[in-house]
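S.K.: Supplied in structure tokens, the structure appears directly below.
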Amino acid sequence: MSLIGKLHRRVIDLGLVPKIVAALPLLSMLFAVVSVGWLALLPLEGRYRRTYISENALLPSQAYSYFRETEWNTLRGYRTQIERLANSTSRERNEEVAGWLREFGVKTAIYQDEKHGDTLYGVLHAQRGDGTEAVILAAPWTNADGMVNLSGVSIGIALTRFFSRWPVWSKNIIVVLSENPKGSMRSWVEAYHTSLDLTGGSIEAAVVLDYPGVNDYFDHVEIHYDGLNGEEPNLDLVNIAISITEHEGMKVSLHGVSCDKISDNDFWSRLLIMLTGIKNAALSGLRKVNGNEAFSGWRIQAVTLKAHGTEGRHDVTTFGRIPEAMFRSINNLLEKFHQSFFFYILLAPRYFVSISSYLPCAVTLSISFALASLDAMINNNYKKLPLSSTYNLLSLSMWCISLLGCFGIAQLFLRFDAPTILISFSALISFLPLLLKKKIAEPLAYRLKSVAFLFFSLVLTSLLMVNFFLAFAMGLTAFPMTLVRTSSLNNYSLRIKLKNSILLLLSNPFIASYIFCQCFEPDLPGFTVFTEFATAWKELGCWTWFVICIGWLPSWLMVALSTLNTQPAQLDDRKKKFQ
Amino acid sequence: MKGIGIALFLSWLLSLAICDTEVAESSALEIDQDIVLPNDDDAPSSTVVDSCVLDVPYDAYSGSTVVDDQSSVKNVDENTNVEISPSIDVKEEISYPYEEKLMIKPLPNNYLLTSFSFRMDSEEFMPGKSALDYDGYGHYTVFPMAFKPMMDRTATRQLHLRFTRGFWDSESWGRLPHDGFKSGGSGVELWAIIEAESDDQAYKQWKILANSLSGLFCASINFIDTSKTTYPVKSFQPDGQLPLFDDTKKLFLVRAALANEPVCTENLTPFVKLFPTKGRSGISTLLDGHKVFDSSWHSLSIDITTECSASGETCKYQMEALVDVVMNVPNVLARNERPIPKPVAGDKLRCDLSKPFDAFQCFPLPEETKVSYSLSKIYGKQILGSNEISNHPSHVCVDATDDWTAYIKIDDTYFSTDDNCFELKSSLNHDVYLESENTSSVIRYESAPLYVSRSLTGYGQDRGGLRTVFKNPHSNPVKAVYFESLPWFMRVYLSTLKLEPGENCDGDGGISLERVMNSTYYLPAVDRARPTHLEYVITVPANTSFAISYQFDKSLLQYAEYPPDANHGFEIESAVITIIEPSEYQMRTATLLLLLSTPDFSMPYNVIILTSTVIGLIFGTLFNLIMKRVVSMQLADRVQATSGIKYKIKMLKQKLLSKVKRLTG
């Protein structure tokens, strides 16, 4: 007898297979716990790595930065004028600033967009470059908080003037002054790649400046880097931004976590940054858009530098030296940004985990759903049903119908923004089994659940490579769905029904995202998350809404349907089979 | 400034002294003595009587040969272009058919265009006969020795080579120098007219030509192959008739471009060495790589044509080499003082006094419009003497409005002329001194007849689009030939060609593709063998702008086709627009950078290593699990005793023995 035969005998002797099959719900739960546990252990010493500049050419802060001394006077001169312009119309403002830019040789044009607001942009042709590549210096007139970005715009202009005197540039520099960091900026980037007449080559990187107000001093710099749809800028760009900021003596904060907390550098601070990072990335496009999101796609690496505080020891030109040194670094690049990581989670400004360390969380989570599906398939009396049985076909066709229906709901909501209806309808469906007396066949209930979980598992698996953050958040919030129980009629008590309804309520895509935002995201109070779903799709092309509607809602609907009262089926097929 | 004033005054005194003694015998060039002291406009004492003829070192050469010059000088004034009088007469004195000119022209926004032009002829030769057949001797004189054998061998009748880099700001600077016919797209561009029997033969000769030029100019011209070579049909056509040495053959126009090929000192050094002065005397002494390539825009060009006598008996090659450089004067001057453009000192800030201004803030003023500088400050050195081998002295002209004053400085003496043209005749150091109260006043070139810009559109890695914007700001329609050669890995879909109307496209029944575009020539690409070749005649109505766009697929390359070194994308050469009406003009769009999906080249290695390991592990384990059995020692011994080679040999031996026994017994 071969070794494998021995093993087989052993497995049968111990009765492992039925034991495992019986423990499938437990296993599914175990996998979910492992997934969360894996993530929670990432901030432990030894599980993360220190960041490093992977591309040698970048050499951040190797050249002395000269945006200082009298540039300070110039910057303030511009700022006084911009303060004066802040109340004038966008047209007047753009024309006046375009005049200033032309003084030092920048070719300007105004991109007109009636819907989102006009954008003034100018191309500074690099003297020694070949004119095929460009780096963007962007400063929206208002920032994410709706404050006027007075200093940011003045730094943008003064810095462009400063750049125009340097002969070192190998890439064109494009200065972009859009109305806001969201729709207006995105619409400009899209126009740049479709219809603008004045262009300066393919965009390599973008630095967005956010420094509201006219205060001369600020406290620390926050660096935003989340892209849309799970994209992140190359880690090298974030690294040079952080290393330059720290080199100039400023403190860096990430994801709104305060600098003091970051400087603790213990497990809890790293865990906090990681979790807020995952939350922000999952809600990217829906929360406040800082400007770098607008550049997501087209292989543009973008970060936003945001000055925090009105008092501190850092001067406004110090802030300008960050983009200066970053431009010097990016200018050194002969290739595109490709050396470093594109998928990472930062635990601190100088610590990160790469995709290979965090991806198993999402994988185990999607396995847990697959196990739940398997459980619904084989862990009952109806496992011997042939593949082509009515119940299988019925559940598959229901899946198709719900998929189509959900697509319809997604489209309809984009036109009619009615979150209350959506929520109340979801709640109604959750409690439907309590109210409705209609019965469905028991095997159908199992098959529905099986198809639903299998589909959800597939959605998670395909999403986790592209957008880990959304996949993980979705998997976690939808997990209560797998705990919904289908039982035969005799022990189908009210308690179970109520429990099912509450589980459904918690795992409903709309209610879950509403509760999630209420608990963790102060940027999205009340029903704003639903309006943001629609605007993020329309203005930024962020497909979170469609993932939720098409990837999550059909599964949920089918699970909800399976919780209706059931009656055991007369297993004709099985009898036939036995005869 | 004071020193210059004194020097000028001294020179004036000197000239007065010479005037008295040598007026009678001077017959050479006359120089108007409108010498005005810099910074001292209305000092009457410094103005000298007109028609005073001077015979300072300025006028070293004498004799009848100089007479020709004045006509050529006038020519320059009228056309504001460097144009060379067509005939170069070789007189009895030993002088060679060589001419060099320098044109200095201030451009708006404190830019300065310096155009160098060098012109030389080869000795006459008889086509179809080697030097041995007729009573002559092979002799090159001023014509570069490298070129004639190459031209002869490849039967090239015309050769055009361009090295260009930078951004020509046609919106503020106007037309390109020489109407754009002497500058290429960013990178290297080469086209030639080759006499050959067939296409194949022409390509072979072209390849030889490209390889020879590559060696000559240390450029990558040898990378020109069939996948880059096109045969233009409407563009690049030569003016006039070209001689055909062998009537059975035909002329082929062949062209190729290497987009964004870096142009550098390696190319300039052999370029300067082509001139008989070798960069050691005359205006070519200014051509220093550090300065030429530290410019906003520069173009090096070489054109060689074959000129034959009316009878066709004798022919000669004519070569024209041009260097055009645009520099930003304030930046260059500032760099001389401070190599790093650090922030200016507080007391040197120029603030707009009409806006809030104090110790804390300063709204910057535009560049100063009052300047004075000398050419040596721009080029880092002075013009060393003149060319001394030709009967045409080196010629320097300043083409500027009356707001500018130009002097030539010979050693320490300043001179000026009415038409701001100077002839360098001595072997002393020359320098050109420019001064202006208002630099914004410049002679404007006619504005460019058409503005064309081209950009890549699209989102993904698998397809994209090309969009060309045509803008005609003038009140007359413009007719032009659009030429485009695209690499084979851009799979163009001409069916997606469409026109997006821009400004003023509604009038006169609207605008459509059929109305603006006619006689299209399209030669689709062949993978790895031929580029896409697209040429069409386009008419842009007055005051109109529109865009023409089409889509393409990006194909996947074989792994060895990716460049081995730092790769940031693939360069797409610029499109060439040759305007036919209302005036002849040629321009090029910017080059583009095409991103193809680039594989991670270390990935196959990783995959092979990983899969081999995994397969090895799985195979080993599985094989063992399936094939191995666990048995007791006794059983194993028994099995071994009844199987195995030893046992078989023993059995065989027994069998044989028994057979032998049976036979014997």
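Quick note: the coordinates plus some simple rules give every number you see, no bench work behind them. A quick note: this is a predicted structure, and the numbers were derived from the prediction, not measured. Cβ: placed from backbone, ideal geometry, glycine included. Neighbour counts: every protein chain shown.
S.K.: Specify the inter-centroid distance of the range A:114-150 and the range A:285-310, based on alpha-carbon positions, in whole Å.
M.R.: Each part's Cα centre sits 13 Å from the other's.
S.K.: Right, next: Counting other C-beta atoms within 10 Å, which of A:532, B:189 has the fewest, and how do the rest follow?
M.R.: Fewest-to-most Cβ neighbours within 10 Å comes out as A:532, B:189.
S.K.: Please work out how much length the chain gains when fully extended from residue B:657 to residue B:581, using 0.36 nm per residue of separation minus the C-alpha to C-alpha distance, in nm with one decimal.
M.R.: That pair, residue B:657 and residue B:581, stretches by 16.2 nm at full extension.
S.K.: Okay, moving on. Per residue, how big is the convex hull around the C-alpha atoms of the range B:422-479? Give it to me in cubic angstrom, could you?
M.R.: It is 290 Å³ per residue.
S.K.: Output ³J(HN,Hα) for the range A:449-461: one whole-Hz value per residue in order, computed from phi by the Karplus curve 6.51 cos²θ - 1.76 cosθ + 1.60 with θ = phi - 60°, and x for Gly and Pro.
M.R.: Calculated HN-Hα couplings, in order: 4, 4, 5, 4, 5, 4, 4, 5, 4, 5, 4, 4, 4 Hz.
S.K.: Mind checking which lysines have their Cα closer than 30 Å to the Cα of residue B:659? Skip sequence neighbours fewer than 8 apart in that chain.
M.R.: Within reach: B:646, B:648, B:650.
S.K.: Additional query: Got a sec? Charge dipole of the protein assembly as shown, +1 on Cβ for Lys and Arg, -1 for Asp and Glu; which of A:356, B:196, B:625 is way out at the positive end?
M.R.: B:625
S.K.: Now for a separate question. Roughly speaking, what is the centre-to-centre gap between the range B:332-399 and the range A:411-437 when only Cα atoms are used, to the nearest Å?
M.R.: First find each Cα centre; the distance between them is then 73 Å.
S.K.: Would you calculate a helix-derived [θ] at 222 nm for chain A, using -39,500 (n - 2.57) for each DSSP H run of n ≥ 4 and dividing by the full residue count, to the nearest 500?
M.R.: Value at 222 nm, helices only: -16500 deg cm²/dmol.
S.K.: Where the only charges are on Cβ atoms (+1 Lys, Arg; -1 Asp, Glu), what is the dipole of the protein assembly as shown about its Cα centre, to the nearest 20 debye?
M.R.: That gives the protein assembly as shown a dipole magnitude of about 13620 debye.
S.K.: Report the semi-axes of the equivalent ellipsoid for the range B:451-594 in whole Å, largest first, where each axis is √(5λ) for an eigenvalue λ of the Cα gyration tensor.
M.R.: Whole-Å semi-axes of the equivalent ellipsoid: 30, 15, 14.
S.K.: Only counting other Cβ atoms within 10 Å, I'd like B:503, B:337, A:222 sorted with the fewest neighbours first.
M.R.: Listed from fewest to most nearby Cβ atoms, that is B:337, B:503, A:222.
S.K.: Taking H placed 1.01 Å from N in the peptide plane, check which residues at least 5 places from residue A:206 or on another chain put their amide H under 5 Å from its amide H.
M.R.: Close amide H contacts, sequence-distant or interchain: A:136, A:301, A:302, A:303.
S.K.: 5 Å is the cut-off here: which amide hydrogens, built 1.01 Å from N in the peptide plane, fall below it relative to residue A:347, excluding neighbours closer than 5 in sequence?
M.R.: For residue A:347, the qualifying residues are A:352, A:353.
S.K.: Given the pairs A:383/A:438; B:101/B:342; B:228/B:249, which span a C-alpha to C-alpha distance of over 27 angstrom in this model?
M.R.: In this structure, B:101/B:342 exceed 27 Å between Cα atoms.
S.K.: Follow-up question, since we're still on this one. What FRET efficiency comes out for the pair residue A:33/residue B:225, r = Cβ-Cβ distance, R0 = 60 Å, nearest 0.05?
M.R.: 0.45
S.K.: I've got another one for you. So the label point goes 7 Å from the Cα of residue A:63 along Cα→C-beta, right? Which residues of the range B:153-197 then have their backbone N under 19 Å from it?
M.R.: B:166-167
S.K.: What's the exposure ranking of A:33, A:123, A:451, going from fewest to most Cβ atoms within 10 Å?
M.R.: Starting with the residue having the fewest Cβ neighbours, the order is A:33, A:123, A:451.
S.K.: Something else: Normalised by the empirical 2.2 N^0.38 Å for globular proteins, what value does the Cα Rg of the protein assembly as shown take?
M.R.: It is 1.21.
S.K.: With labels modelled as points extended 7 Å from the Cα through the Cβ direction, what inter-label distance (nm, one decimal) is found for residue A:381 paired with residue A:407?
M.R.: Result: 3.8 nm between the two label points.
S.K.: While we're here: List, in order, the whole-Hz ³J(HN,Hα) value for each residue of the range B:479-494 obtained from phi through the Karplus relation with A = 6.51, B = -1.76, C = 1.60 and θ = phi - 60°; use x for Gly and Pro.
M.R.: Along the range B:479-494, the couplings run 10, 9, 9, 9, 10, 9, 10, 10, x, 5, 6, 9, 8, 6, 9, 5 Hz.
S.K.: Ok, one more. How far is it, in nm, from the label point at residue B:314 to the one at residue B:443 when both lie 7 Å from their Cα along the line to the Cβ?
M.R.: Roughly 3.6 nm, to one decimal.
S.K.: What length, rounded to one decimal in nm, is gained on full extension from residue A:102 through to residue A:4, with 0.36 nm per residue of separation minus their alpha-carbon distance?
M.R.: 27.3 nm
S.K.: On to the next question. For the pair residue B:640/residue A:313, report the inter-label distance in nm, with labels modelled 7 Å from Cα in the Cβ direction.
M.R.: About 8.1 nm, to one decimal.
S.K.: If the chain between residue B:513 and residue B:208 were fully stretched, how many nm would it gain, using 0.36 nm times the residue separation less the Cα-Cα distance?
M.R.: Between residue B:513 and residue B:208, full extension yields an extra 105.7 nm.
S.K.: With N set to the residue count of the range A:261-407, report its C-alpha Rg divided by 2.2 N^0.38 Å to two decimal places.
M.R.: So the range A:261-407 has a normalised radius of gyration of 1.64.
S.K.: Using the Cα gyration tensor of the range B:605-664, with a ≥ b ≥ c the square roots of its eigenvalues, what is the shape: rounded (a/c below 1.5), prolate (a/b larger than b/c) or oblate (neither)?
M.R.: Oblate is the answer for the range B:605-664, as a/c is 1.5 or above yet b/c matches or exceeds a/b.
S.K.: Using R₀ = 25 Å, calculate the FRET efficiency as 1/(1 + (r/R₀)^6) where r is the Cβ-Cβ separation of residue B:611 and residue B:461; round to 0.05.
M.R.: About 0.45, to the nearest 0.05.
S.K.: Could I ask something else about it? Taking H placed 1.01 Å from N in the peptide plane, check which residues at least 5 places from residue A:333 or on another chain put their amide H under 5 Å from its amide H.
M.R.: For residue A:333, no residues qualify.
S.K.: Between the range B:187-207 and the range B:574-609, what's the alpha-carbon centroid distance in Å?
M.R.: So the two Cα centres are separated by 23 Å.
S.K.: Can you list the HN-Hα couplings for the range B:395-403, worked out from phi with the Karplus curve (6.51, -1.76, 1.60; θ = phi - 60°), rounded to whole Hz and with x for Gly and Pro?
M.R.: Using θ = phi - 60°, the values come out as 10, 10, 10, 10, 10, 8, 7, 5, 6 Hz.
S.K.: Projected onto the charge dipole of chain A (+1 at Lys/Arg Cβ, -1 at Asp/Glu Cβ, origin at the Cα centre), which of A:172, A:238, A:198 gives the Cα projection farthest towards the positive end?
M.R.: Working it through, the farthest residue towards the positive pole turns out to be A:238.
S.K.: Ranked highest first by the average count of other Cβ atoms within 10 Å around their residues, in what order do B:603-615, A:161-173 fall?
M.R.: Averaged packing, sorted descending, gives the order A:161-173, B:603-615.
S.K.: Could I ask something else about it? Looking at A:41, A:392, A:265, which one has the Cα that reaches farthest to the positive end of the dipole of chain A (charges on Cβ: Lys, Arg +1; Asp, Glu -1)?
M.R.: Checking the options against the dipole of chain A, the answer is A:392.
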